[in-house]
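Computed from the coordinates by the stated procedures, all read-outs in this text should not be read as laboratory data. These numbers come from a predicted model, not from an experiment. With ideal geometry, Cβ positions are generated from the backbone for all residues, glycine too; neighbour counts draw on all protein chains shown.
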């Protein structure tokens, strides 16, 4: 359906320009809002996976074969292989306790197979460690400072009930959740797409949020998650967490690429609304 | 993956629909909740095109927070630079006398408190490398981030995280099960009431406790155990404290049943001095405060001062000294007594000072202190025919008149026998027969006893005992008495941590007494102290419903073992385990062996804090492991071990519950300033974390003060850790110590003034800190003109914004005197000790300093044939105690510690630097294995291995869990720890050699063998 | 223009290494956190970058051993050997900031431009003092910057802050000289200090 609407838009070359733009804008906003809302859910899920141990609902869902099929069409076969193998052998009632212990070992207790899921640990290290890999950095440092600055700039305040460091992978993913949620709201408000807006944060347009998302993904998340993923996959006993690491990495890459190309599209539409060459 | 990477979200209908469905499914697993809300604060509007500003930008006043360092025990001031709530840099506090005092020419360098912090942004204080590395302590990736509960047997390395609520309630439930409420006040053993009630079977063991007032409030005044504070001091320098307490003894004090000391320590006023002899003290690397003392010593050198280092090892302090005197370990009294002999023989002691028998005479002579040199001491015989000595009183010799001479006055000879308060001077050399109860008693002045002790050996004999040439002894003595009051002899752990450490300390300290340098510029200071924090507005120790405590401590410290105090427990010599009636600072090394022996009783609950027992205490590792793993009828014999620790240290690894507390940069406290001539109270406060959700150090946040009108619930940098004050409060609440009709240690209205009126609530660490701050404010106001017109709240702000309150630069001297004097008696004869029999040998202790050899507890010599080298250990400048293997910058400089062996010994054994050596003792023939460092910096016959290294926990080794190796940093465990090879006592083979009076653990009396592997 | 230089009071250096660590904390030089990185991954030599360190030299024979302490860093030489040896720096145009190594005209501070440096390590060989250090993560060379980011604010004005090492020196041994006179270069230098005529380092020592 979205495809159809797009086709209809782009085929309607001879309609009056402003009307076309308005209608296309409206449809784009609807689609974008839905998409943003879906991205909210994805980021919210991913954030939660790193912030707390799994529950039985999650296990039930992920072992469902239809779900696996859809996942593979989205993320590719490799990303789903681990989960498929997990599902094949897992029984939620038995698995849950050991998965919860696995969560603690990987993400909560430093004498376990702890992956220190903090950005500065992966980026703040400096000189070579084993086999030329960078050494580890401290729990907090300049990346935590930079992340916190962005949270403030975007008008995001961490809820009191949430007790993690600002550069924890779960918090950084939750920030993407926040940005996508604000983006979705912006569409609903029907604001313009002016990234240069000087208005209060509540009334920033979706393009401004896109910029923030791209910045945060490029300056933070995608700069370190691949290494965290390697660490999780090396330390995880359970295929479940290996799968989580893989789809997180995959999703971050896809989302970044998608945002970048959309920016191109938006910019292109602004310049020449009917120029199809600029549309991918 | 590449195939999919080029997809965008706009076009592909399949992927978009699927994506929405998938994300919906995942999100609906109900795991998630919102993390970020919209901020109430308006953010910067200029978002697009914003560059990331440099995180380490230049600081403004808002980014600076003052607190106190605890990377060692110097407790220097700290200036923390905090950006966006992240600690970026640490430096010294320019208001604090440790970090700055004077410049080389003598002018003031320290900032007076009248300078506002806004004007002090570019003023930084000096700080040593350990303090600088504190950033790595906060952000150590191996810190424990949540409360942990053991899974599987003790020390198996398996944990689950639990909430604080669960931790507090489970621990309280366990405690209530092990020591039920209705049994708490019943006797442990009704036939032995002296042991006390069952609540004594809960012990709180803070290795170090700067939050002593809170832990005493909970465990002493709340729960009511006699074991409320089993702290580390006896492995530190307790004998030094105890010896100093005994020479300043006040019979009306109450540390034990005989009295208490007036001060625990002396330090030398370096800047005012001309000649200093350091015995086993290393201020350029250790001692405290290192930063202040090191700077002052370099200044002292530049201004023509000379200092000497007496030590078997040529440490950094020796490297900058005028002279190094290598000495046989444990023979310091021989050197000091040799010097005393020469001084007295050549009449170079300050006769005028020593002849003053009382305060008035002293003051008339321009002295702040006086001595017991002239007081008569009699030799008596007890019921068993053993001889002992004690002061003679005026009443006994029949000279009291109830007016100028009271019955309890001391007796001096001043043209006949007189009371010590009725004359202006007394004779020093007195040997006389007096009549007491009709019997003749030989009486000598305290000075005569010291003299006789000094003359009991010749200089040649002393020289041979300490292996210091006679000429050197004489030269030291001659120089020492050539500077008037501006000379000092100062100790730290070197002479003390031997079985004879008590007499080493006395002998050395009395060099100062012979020249009477106490309270003089350039002489000894007892420390200027500070403005009180324990009372004022709030009386920190006052608990409504305080149950009190009775009974004997598990370490049998501060209790005499005679019938009146120990009942039937003591059954004859040698005691089942030794007693330490003068162990006023406890006996840390006895606790675990005593628990193992269930003597004098069993312990059921052991709560530790900042405690590294098996790592830090000689010989303890094996006993610790045995004690913690021993089972009785399927349960652990010590059923509950709760450890408060920020890292998985050597104690935490064995715990049932690990409660992660915060590090020193996230705490409130009043740690004190060690023995400086400047007066001050430094205040420690968190520099990172959040108060009521406001990030400390963030722009627009709390900045460098804490709003005084808030609840100020503190959330640390690692949000699910807790400041120890909050842990204590949480445990207290879970144990029901918040009961207004019972014991009201915490909770609504729990804080009280000295009269007992309720003056505030105690729910969190800020409540406590604010009470402390108001006390300091009230006590300091009168001495600070610029605070006179301010309200208490305003003074509190002043204290917070400068990291404390201090005197003004220059206040420390009044003419040639120290402004803040000790101003009381110095005793050459320590009467309470002289009237006490050792619980092992049954012999009376000597009341005067003398050379005593190093022996086992039964008085026999240590004969470990085949073990011919003497092992010593020491502190290096790069590390602080047990806690700095977590700081990579500190480990970087010297990644591992060697076995240091003198060039002469190495040559004889054909050892070269780098050779692998086994160092073993008769107590531990397996020994430790390390790498040799051949050096000229060591006296032949001595082998040295530093402390700080050789950890086996604290992130240094992997655990194997289900066949998988965990992450670890082996470099944290690099090097060797000599404690496990140190000598155990012959009689009490599960504890180290000990010094019996001050209860010190011996660190330097082990004979070892070194073999090449 | 004026050269900023060092005055090192040899009598007062206590060998505590506080300058070393203050510098590391100020400049965030590695290793940042556990686990300790090692050179060549062999667990023997820690891999780090230090802009300042303390040279400790033992001499003498028991019972008269001796140890001397000399704090050491980049000396921001008048004729920097690092710059002369750098293939991407023109010794005849030494103030040019596009050089991989350049010397500032206004205060004589010598800096390695991280955007240009390719990590050839010629300067490590050339410097008599060991100041340039190879960073195995960036594969470039870095060294002491005289804490130029502390001395100047973003508008190029002097701030009143001093380098981290000078600020923290426990013995009061390390000082800045604002107008270093190259005639004093190497004055009272300790034994084995490189001949000052080679590079004319902006450092002088004090004794007594």
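Restricting to segment B:869-1012, compute how many DSSP beta bridges are antiparallel as a %, nearest 5. Here the antiparallel bridges make up roughly 70 percent for segment B:869-1012. Of C:182, C:34, C:136, the residue with the greatest mean-square motion in the GNM of chain C, using alpha carbon springs below 10 Å, is C:34.
Over all Cα atoms in segment B:270-379, the spread is summed up by Rg and Dmax: 17.3, 50 Å. Going 7 Å from the Cα of residue B:625 along its beta-carbon direction, which residues of segment B:645-660 have the amide nitrogen within less than 17 Å of the resulting point? It comes to B:649-655, nothing else. Principal-axis analysis of the Cα atoms of chain B puts helix B:13-27 at an angle of about 40° to the longest axis.
Spatial offset of segment B:626-660 relative to segment C:137-182 amounts to 49 Å, using the alpha carbon center of each. Among C:112, C:101, C:148, the largest mean-square fluctuation in a Gaussian network model of chain C (Cα springs under 10 Å) belongs to C:148.
May I ask you to derive the relative contact order of segment C:5-206, considering only C-alpha pairs under 8 Å and at least 6 residues apart, and to give it as an integer percent? Relative contact order comes out at 28 percent.
Only helical runs count toward this figure. For the protein assembly as shown, summing -39,500 (n - 2.57) over DSSP H runs of n ≥ 4 and dividing by all residues gives -9000 deg cm²/dmol at 222 nm. For segment C:41-87, the square roots of the Cα gyration tensor eigenvalues, ordered a ≥ b ≥ c, give a/c of at least 1.5 with a/b no greater than b/c, which places it in the oblate category. Under 12 Å from a label point set 7 Å out along the Cα-to-Cβ vector of residue B:189, the amide N atoms of segment B:598-631 belong to B:598-602. For chain B, the longest principal axis of the alpha carbon atoms and the long axis of helix B:765-781 meet at an angle near 50°. Relative to the first principal axis of the alpha-carbon coordinates of chain B, what is the inclination of helix B:501-515, with its axis defined by its Cα atoms, in degrees from 0 to 90 and to the nearest 10? Taking Cα atoms only, the helix is inclined about 70 degrees. In the protein assembly as shown, what % of DSSP beta bridges are antiparallel (nearest 5)? If I count the DSSP bridges inside the protein assembly as shown, around 70 percent turn out antiparallel. Within chain B, antiparallel bridges make up roughly 70 percent of the DSSP beta bridges whose residues both belong there. Any idea how far apart residue C:175 and residue C:79 come out in nm if each label point goes 7 Å out from Cα toward Cβ? Taking the two extended label points, one gets 2.8 nm. Reported value for the protein assembly as shown: 192 Å³ per residue, from the convex hull of its C-alpha atoms. Note on segment B:815-880 and segment B:178-257: Cα centroid distance 23 Å, given to the nearest whole angstrom. Across chain B, Cα pairs under 8 Å and at least six residues apart give a relative contact order of 18 percent. Using every pair of distinct Cα positions in segment C:5-206, the Kirkwood expression returns a hydrodynamic radius of 17.8 angstrom. Multiplying each eigenvalue of the alpha-carbon gyration tensor of segment B:869-1012 by 5 and taking the square root yields semi-axes of 26, 21, 16 Å, largest first, rounded to whole angstroms. A Förster distance of 60 Å, applied to the separation of the beta-carbon atoms of residue A:55 and residue B:1012, puts the FRET efficiency at 0.50. A protection proxy built from the mean count of other Cβ atoms within 10 Å ranks the segments B:716-724, B:752-760, most packed first, as B:716-724, B:752-760. With R₀ fixed at 35 Å, the C-beta to C-beta distance from residue B:816 to residue B:478 puts the FRET efficiency at about 0.90. Model label points for residue B:550 and residue C:124, set 7 angstrom from Cα along the Cα-to-Cβ axis, are 7.4 nm apart.
What the pair-distance distribution of chain B shows, using all Cα-Cα distances binned every 10 Å from zero, is 2, 10, 19, 24, 22, 14, 6, 2, 1, 1, 0, 0 percent. Averaging 1/r over each pair of different alpha-carbon atoms in segment C:145-208 and inverting the result gives 13.5 Å, the Kirkwood hydrodynamic radius.
Take the alpha carbon atoms of segment A:167-184, find their center, do the same for segment C:1-79, and report the distance between the two centers in whole angstrom. Spelled out, the Cα-based centre of one part sits 44 Å from the other. Placing pseudo-labels 7 Å out from each Cα toward the beta carbon at residue B:843 and residue B:360 gives an inter-label distance of 4.3 nm.
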